[in-house]
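The values are calculated or read from the model by the stated rules, or taken from the named source; none is laboratory data. Please read all numbers here as calculations on a predicted model, not as lab measurements. Using ideal geometry, Cβ is built from the backbone for each residue, glycine included, and neighbour counts are taken over all protein chains shown.
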Amino acid sequence: MKLRRSSSVNDNVPFRSCVSIFSLVLLCGVGTLFPRVLPAQSKAPRGKTVASSNPLESPVLEKKVTELLQKMTLEEKIGQLVQYSAGQATGPTSGRTEDKDMIRKGQVGSLFNVTGSRETNALQHIAVENSRLHIPLIFGLDVIHGFRTTFPIPLGLAATWEPELVEKAARVAAQESSAAGVRWAFSPMVDIARDSRWGRISEGAGEDPYLGAAMARAFVRGYQGEHLDSPDSIVACPKHYVGYGAAEAGRDYNTTEISEHTLRQFYLPPFHAAEQAGAGTFMSAFNSLNGIPASANPFTLQQILRKEWGFKGFVVSDWNSVAEVMAHGVAIDGATAARKAFLAGVDMDMVSNLYHRNMMQLVQSGLVPQAEIDEAVRRILRVKYAMGLFDHPYTDEGKESAAMLRPENVALAKRAGTRSLVLLRNEAVSGSPILPLAAKISSIALIGPLADDAGNMIGSWGALGRGEDAVTLRRALSQRLGDSSVHYEKGTNILDGSDNDIAAAVQVAQNSDVVLLALGEDAPTMTGEAASRAWIGLPGRQQELLEKVVAAGKPVVLVLFSGRPLTLPWAFERVPAVIAAWYPGVQAGNALTDILFGEAAPTGHLPLSWPRSVGQEPLYYNALNTGRPEADPAHPPEAGEKKFLSRYIDEQNTPQFPFGFGLSYTTFSYGPTQASVKQISLSALERAFAEKSKHTVVLSASAEIKNTGTRAGETLAQLYLRLDGTSIAMPVRMLKGFQRFTLAPGESRKINFDLDAETFAFWGAENKFGVEPARVTIWIAPNGAEGEGATLGIAGTSR
Ligand code: BGC
């Protein structure tokens, strides 16, 4: 088993691997407005769901905060703005060692990377009993996809397209981490990412704002639960605000240039959804955004987050990102960096020590108004009160171990693992698709460096997840078929290998009926933070192993473990079955064998576009059309054809697999999309949009879906929209809804999506969110590239 935590101060420190009736009414205008409210599934609720009960908006709590603030010295106030890592470093360290003394003096507001009820209680006792005003600490941690019960990585969770399931997973993470004294998760990562070179694409929900927003809400609800002050609720921290996922060339921490329109239309919606779901904190990002570091950016932090959205919680910087304002080049000394970050709206300084060191002087010299300090402290105390930390600062040490890995939670992890797997290919071998495999196979060759690597199943950032808790493919297969039927040969390591090992694997393949190949990336070193790749194929000698094993002539199933799509054109042409497994978590092997042997059918769908080659990146389905679109983007130009089109001369424009793609063990046909109206009047739409709930149905779209196969199966019907003739160019398609249906073999069903006014709203050329006259195309489709659309118009003149 690979070592997944570095030797460090505290034995309990977490690790990051170093851790849906077509209406026949063709009416116009107001008459087309159906006084109905949308069904929960086709439109994930978007309202400020916890607003009325938002604990951060309680007058009682505000009074308490005011009273406490009045008692605080400036030093104590500044202390609340300071956060340190008390355990294993997850970034460059400040070298500070005097935690306990600082806690006593009220100079620290938060610690992170310390876990375990005993450890957190010990530190909390110092804060609550020995500091003058008894203000509790808030303990944070990178709880990314589970705490001890590890779920699939966030990209895998997004591939489920099941926010309800993700919410449950986040609840489990909250229960476990709170039992270990951690009441604050630096999660969800809601960065839109369009470039698979970026290692952190693994930590988010992919390239789409609608799906991203659904996942963001799910995480926040799961973490924060019904009541934020319940001892098993933890505060969410959507990150990294904002634009971090647009790092140029996919290189981590790199510069981002994002127009205000693009920012609002694509990058902000998941953050806004998280804020509306009640997230108590936000984390400011590392990147510079249009030249301004995100951690010193008043436009995003003050104007958008606080003024436009009304966020009442607090903002913590990312690791040392206050100091990095200097490296970005907009401050030449620590004091200026601290001042710029703070005045821009970063309340809490993670690790850099610059608030601790400079804030007193900055206030005394008038460079930072005391009133601004009071406001920042107010935001932090508000969250601490809302969590119930003042009333219940400690964790029940007797309950910690029983909270971990509860059987029902492990079962949920298995379900999440199963639902996260995306079947990319399943070609016929001897007349029928290779998957599912026959229940009784006398001899199966299991080959590859990821077939029996428990640590890797946890992913790159598994909090307290342990490899020893994880079931590998080898273990699950042996349990199912018996050791004598499973012939395991590693074949190669992830990064290096020998001729002999490859030869041994080929031999095992030759002597077996079926070959299972488990290939991919090394999660800790090749995925996640600071793990950008310029080449996104199989590392080491794995491609060679793959080709030689396939040459052995046996049916091959390739299981890919990765934190990103891998460019494998050879495999996608020659290997009959391919599953994108991501990193499935503690139940990896069991989730996979259930799919492989057909006890469960694959239901996962891609949350991103899967590239053919790295040169296509950034690649995303919701792109603009350009002035010279290629009408047939799947075909590279041939001699004599029109040359001056937007395409590559040496590669197709299309992805290998489109956004939303995923096969099942049956097949479905999607009939043409039909719209209940041919025209919507702009004024009616504007009126509906102006309504408070914005959820009045303005149009219904429907399509007939048929299970054309021989097995029952589930399909994920996706609703896409295109707007033409608008003030600003809009994408060729935008996801606006999805629903799941289970159909019996041969069964047909007409499925329906009810669309509200907000569905048609977008950020226009003047950066105002609203509706405009447009030609509308709507598709109900099995993925982002298919479907037969319906067109209609939004007619009228804007008021
Ligand atoms: C990462 C954040 C993380 C923080 C604390 C940073 O390096 O960018 O995502 O929450 O470290 O560990």
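When the residues of the range 493-538 are filtered to those that are closer than 28 Å to Gly156 by Cβ and charged (D, E, K, R), which remaining residue is nearest to the ligand (Cβ to nearest atom)?
Within the range 493-538, the match that is nearest to the ligand (Cβ to nearest atom) is Glu529.
Sort out which residues of the range 180-194 are away from the ligand (no atom under 16 Å from the Cβ) and crowded, with 24+ Cβ neighbours inside 10 Å, and write them in order of number.
Ala180, Gly181
For the range 547-565, give me each residue that is touching a strand residue (DSSP E or B) at 6+ places or on another chain (Cβ under 7 Å) and under 30 Å from Ile144 (Cβ atoms).
Of everything in the range 547-565, those that are touching a strand residue (DSSP E or B) at 6+ places or on another chain (Cβ under 7 Å) and under 30 Å from Ile144 (Cβ atoms) turn out to be Val557, Leu558, Val559, Leu560, Phe561, Ser562, Pro565.
Restricting attention to the range 336-357, which residues are farther than 23 Å from Thr300 by Cβ and either touching a Lys or Arg at 6+ places or on another chain (Cβ under 8 Å) or within 16 Å of the ligand (Cβ to nearest atom) (or both)?
Within the range 336-357, just Asn353 meets the criteria.
Hey, does the range 124-139 have a residue that's within 15 Å of the ligand (Cβ to nearest atom), modelled with pLDDT of 95 or more and not β-branched (Val, Ile, Thr)? First the steps, then the outcome.
Just the residues of the range 124-139 that are within 15 Å of the ligand (Cβ to nearest atom), to begin with: 138-139.
Within this subset, residues satisfying the condition of being modelled with pLDDT of 95 or more are 138-139.
Now drop any that are not not β-branched (Val, Ile, Thr), which leaves 139.
Yes.
Of all the residues that make up the range 272-319, how many are outside any strand (DSSP E or B) and either within 13 Å of the ligand (Cβ to nearest atom) or touching a Gly at 6+ places or on another chain (Cβ under 6 Å) (or both)?
Selection size over the range 272-319: 12.
Hey, among Val429, Val471, which residue is touching a helix residue (DSSP H, G or I) at 6+ places or on another chain (Cβ under 6 Å) and among the β-branched types (Val, Ile, Thr)?
Answer to the selection: Val471.
Determine whether the range 255-269 contains at least one residue that is surrounded by fewer than 24 Cβ atoms within 10 Å (Cβ to Cβ) and within 15 Å of the ligand (Cβ to nearest atom).
Checked against the condition, which is being surrounded by fewer than 24 Cβ atoms within 10 Å (Cβ to Cβ) and within 15 Å of the ligand (Cβ to nearest atom), the range 255-269 yields at least one hit.
Would you check which residues across the range 507-522 are farther than 21 Å from Leu437 by Cβ and touching an Asp or Glu at 6+ places or on another chain (Cβ under 9 Å) and list them? Give the steps one after another, and end with the answer.
Taking the range 507-522 first, the residues farther than 21 Å from Leu437 by Cβ are 507, 521-522.
Within the range 507-522, Gln507, Asp522 qualify.
Of all strands (runs of 3 or more DSSP E) completely enclosed by the range 652-751, which ones contain at least 1 residues that are charged (D, E, K, R) and within 28 Å of the chain's Cα centre (by Cα)?
The qualifying strands (runs of 3 or more DSSP E) are 713-724, 734-743.
Where residues in the range 74-103 are modelled with pLDDT of 95 or more and in contact with a helix residue (DSSP H, G or I) (Cβ under 8 Å, 6 or more places away or on another chain), which of them is farthest from the ligand (Cβ to nearest atom)?
Per the stated criteria, the residue is Leu74.
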